[in-house]
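Reviewing the structure listed below.
Please treat every number below as a calculation from the coordinates, not as lab data. Bear in mind that the values here come from a model prediction, so they are computed numbers and not experimental data. Neighbour counts run over all protein chains shown; Cβ positions are idealised from the backbone, glycine included.
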Amino acid sequence: MRIGIILTFYCYDVIIGEVDERMVVYLATRQTLDGIKSNVMECLGKKVILRTNKGKRKVKVREGIIENVFPCIFTVRVDQGTEAERTISFSYSDILTESVEVTVVGTSGVIQVS
């Protein structure tokens with residue numbers, strides 16, 4: 001089990017570290033988040049499956065298109081079914097801490113830490 005610690009300073013997420021069951025600290029650098037951002041940029045305009053962890057064993061699965069990539073967040077346009085669309089935003093640290101998993105439709109590739 002890993003525990004992530006995140007601080008937000010202006011629009012930059014600074015990952016202090018993750019601690020596993022042996023109390024070993026794993027540090028994430030700015031390059032880690034930049035790698036995730038470049039992976040998301042490669043999927044701009046592509047259809048993706050979002051699997052979000054809502055806590056207490058609640059997982060929500062949605063399908064959408066990566067619409068925009070910004071310095072601190074990216075947005076996904078989700079089709080809700082009956083002519084309703086919604087835009088959801090995620091930070092790159094959401095992928096790092098595994099609170100959201102983004103899979104490109106038609107591939108087995110998951111956007112993750114590079």
From the backbone phi of segment 54-66, what are the Karplus-calculated ³J(HN,Hα) couplings (6.51 cos²θ - 1.76 cosθ + 1.60, θ = phi - 60°) in whole Hz, Gly and Pro given as x? 9, x, 6, 6, 9, 10, 10, 10, 9, 10, x, 10, 5
What distance in nm separates the two pseudo spin-label positions at residue 75 and residue 52, each 7 Å out from Cα along the beta-carbon direction? 1.5 nm
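Remind me, what semi-axes does segment 24-98 give for its equivalent ellipsoid, largest first in whole Å, using sqrt of 5 times each Cα gyration tensor eigenvalue?
24, 17, 9
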What does the extension gain come out to for residue 30 and residue 44, with contour length at 0.36 nm per residue minus their alpha carbon separation? 2.9 nm
